[in-house]
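Accompanying notes for the structure given below.
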Amino acid sequence: MKDKDIKLFIYHASQCDPKKCTGKKMARFELARMFDKINRIPRESILLDPMAEKALSPHDNANKGITVLDCSWEHVEEVFPKLLKLRLQHRALPFLVAGNPVNFGKPFKLTSAEAFAASLYILGNKEQAHTVMSKFNWGHTFLELNHEPLEEYSAARDSKEILEIQSEYI
C-alpha cells in the first residue's frame, strides 16, 4: 500500500461463497483489512451503503478510509440498518454495471472489489482502482464497461452533480 492510497476496510458477514468472495481475495493480497465484528469498522470511514441518501463524490473526505459490507445481496436490507448507529459517512455509489461473471451487466449489483474500485476511481485514486481490479481476471471488464460514467463521476463537484450525471445513464 502506498502512502497516498486510501485505506480499505471490509466487514465480512460470512454469507457469500468463499471461492467467489472478492473481499477475501483482496484481504489475501493485503489490499484491504477484513473485520468480522461491526464494532471494528473504523469510525468516520465512508461506508458504501446502497440505501444512503447521499451519493459518493470527489468532494467526500476518505482520510479515514472506505468500508464495504461484504454480504449477500439477499441479506443487505437486514444488515445495513445495524450500521446506522455507528459514526460512519454513509454514501451510495451512482449507477454502474457489474463486470463480474455472476452479475454481469446488472446495474448496482457490484462485488466488494468493484465497489471499492468504483469508489477509488470517483475519489481520484484511479491507479489504486486499477490495482484492486488487477487481481481478478474479469477486473478489466468492470473498468472498461464503466469507463465513461466513472470518468464523468470523478470530475463531478459534489453529490448533487453525481446524481445529475447518473440521470443521463438511467
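The values are calculated or read from the model by the stated rules, or taken from the named source; none is laboratory data. Computed from a prediction, not measured in an experiment: that's the story for all the values here. Heads up, the Cβs are rebuilt from the backbone with ideal geometry, glycines too, and the neighbour counts pull from every protein chain shown.
Brief remarks on what is shown
- Condition met for L93 (crowded, with 21+ Cβ neighbours inside 10 Å, at pLDDT below 95 and in contact with a strand residue (DSSP E or B) (Cβ under 7 Å, 6 or more places away or on another chain)): no
- Identity of the residue in segment 135-169, out of contact with any helix residue (DSSP H, G or I) (no Cβ under 7 Å at 6 or more places or on another chain) and of a type in the set (A, V, I, L, M, F, W, C), that ends up farthest from E53 (Cα to Cα): W138
- Applying the criterion of at least 3 residues that are under 26 Å from S159 (Cβ atoms) and at pLDDT 80 or above to the strands (runs of 3 or more DSSP E) found wholly in segment 1-88 leaves 8-12, 46-48, 66-70.
- Unique residue being over 30 Å from R40 (Cβ atoms), in a helix (DSSP H, G or I) and of a type outside the set (G, A, S) when the list is E152, E127: E152
- Qualifying residue in segment 96-109 (condition: farther than 21 Å from A27 by Cβ and buried (at least 24 other Cβ atoms within 10 Å of the Cβ)): yes
- Segment 24-44, residues that are closer than 11 Å to I10 by Cβ and touching a Phe, Trp or Tyr at 6+ places or on another chain (Cβ under 9 Å): K25, M26, L31, A32, R33, M34, F35, D36, R40, I41
- If the condition is being among the charged types (D, E, K, R) and either surrounded by fewer than 17 Cβ atoms within 10 Å (Cβ to Cβ) or under 20 Å from E30 (Cβ atoms) (or both), then segment 122-170 contributes K126, E127, K135, E144, E148, E151, R157, D158, K160, E164, E168.
- Filtered residue count, segment 111-124, keeping only those that are in a loop (DSSP other than H, G, I, E, B) and modelled with pLDDT under 95: 1
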